[in-house]
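Just below is one structure, and these are the notes that go with it.
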Amino acid sequence: MINIASIDGVSVNSQEPCSYAASKAGLIHPTRRMALRLVKVGIVVSAIAPGSYASDLNRLARDHRDELAHAIPAGRNGIEDDMAGASIYLASRAGDHGVGSTLVVDGGATLARV
């Protein structure tokens, strides 16, 4: 099982409303709790915390892609392949030992936040 959280659940973003960040942080803890319980029956539970990806929810990243890229250490917003790779890793045997983990896929954005 892979839950989709957000980097706003693991670090502070001054531009996001508190309710959004709280909901994403609130998903990370149940991911860990479910992981402890379900690993005993062979189900691995983990989460992905994506950063800036263009979407209808993140219109800023969609409509101002180049302007936002300067704030991301990798120099770009995330693309579908980034999320696909993270999902494949967590869903594969390679990710079996990442029980309860949250994989941050953000180009280093959380490391650069003040």
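The values are calculated or read from the model by the stated rules, or taken from the named source; none is laboratory data. Since this is a predicted model, take the numbers as computed values, not measurements. Reconstructed Cβ throughout: ideal geometry from the backbone, glycine too, with neighbour counts over all protein chains shown.
General observations
- Condition check for Gly78: within 21 Å of Leu111 (Cα to Cα) and in contact with an Asp or Glu (Cβ under 8 Å, 6 or more places away or on another chain): yes
- Scanning the stretch 93-114 for residues that are in a loop (DSSP other than H, G, I, E, B), under 13 Å from Val44 (Cβ atoms) and either within 15 Å of the chain's Cα centre (by Cα) or hydroxyl-bearing (Ser, Thr, Tyr) (or both) gives Gly98, Gly100, Ser101.
- Given (1) surrounded by 11 or more Cβ atoms within 10 Å (Cβ to Cβ); (2) under 16 Å from Gly51 (Cα atoms); (3) modelled with pLDDT of 95 or more, number of the condition Asp81 does not satisfy: (1)
- Residue pairs meeting the criteria (Cβ under 9 Å; at least 6 apart or on separate chains; first more than 13 Å from Gly95 (Cβ to Cβ), in the stretch 32-55; second of a type in the set (Phe, Trp, Tyr) and surrounded by fewer than 18 Cβ atoms within 10 Å (Cβ to Cβ)): none
- Number of residues in the stretch 1-57 that are assigned to a helix (DSSP H, G or I), among the aliphatic types (A, V, I, L, M) and closer than 18 Å to Val105 by Cα: the value is 5.
- Residues (modelled with pLDDT of 95 or more and hydroxyl-bearing (Ser, Thr, Tyr)) located in the stretch 93-114: Ser101, Thr102
- For the stretch 45-67, the condition holds for at least one residue, the condition being that it is surrounded by 17 or more Cβ atoms within 10 Å (Cβ to Cβ), farther than 22 Å from Arg113 by Cα and either in contact with a strand residue (DSSP E or B) (Cβ under 7 Å, 6 or more places away or on another chain) or modelled with pLDDT of 95 or more (or both).
- Selection of the stretch 84-100 for residues being under 15 Å from Pro50 (Cβ atoms), surrounded by fewer than 18 Cβ atoms within 10 Å (Cβ to Cβ) and free of Cβ contacts under 8 Å to residues at least 60 places away in the same chain yields Ala84, Gly85, Ile88, Tyr89.
- Test result for Arg37, out of contact with any Phe, Trp or Tyr (no Cβ under 9 Å at 6 or more places or on another chain) and at pLDDT below 90: no
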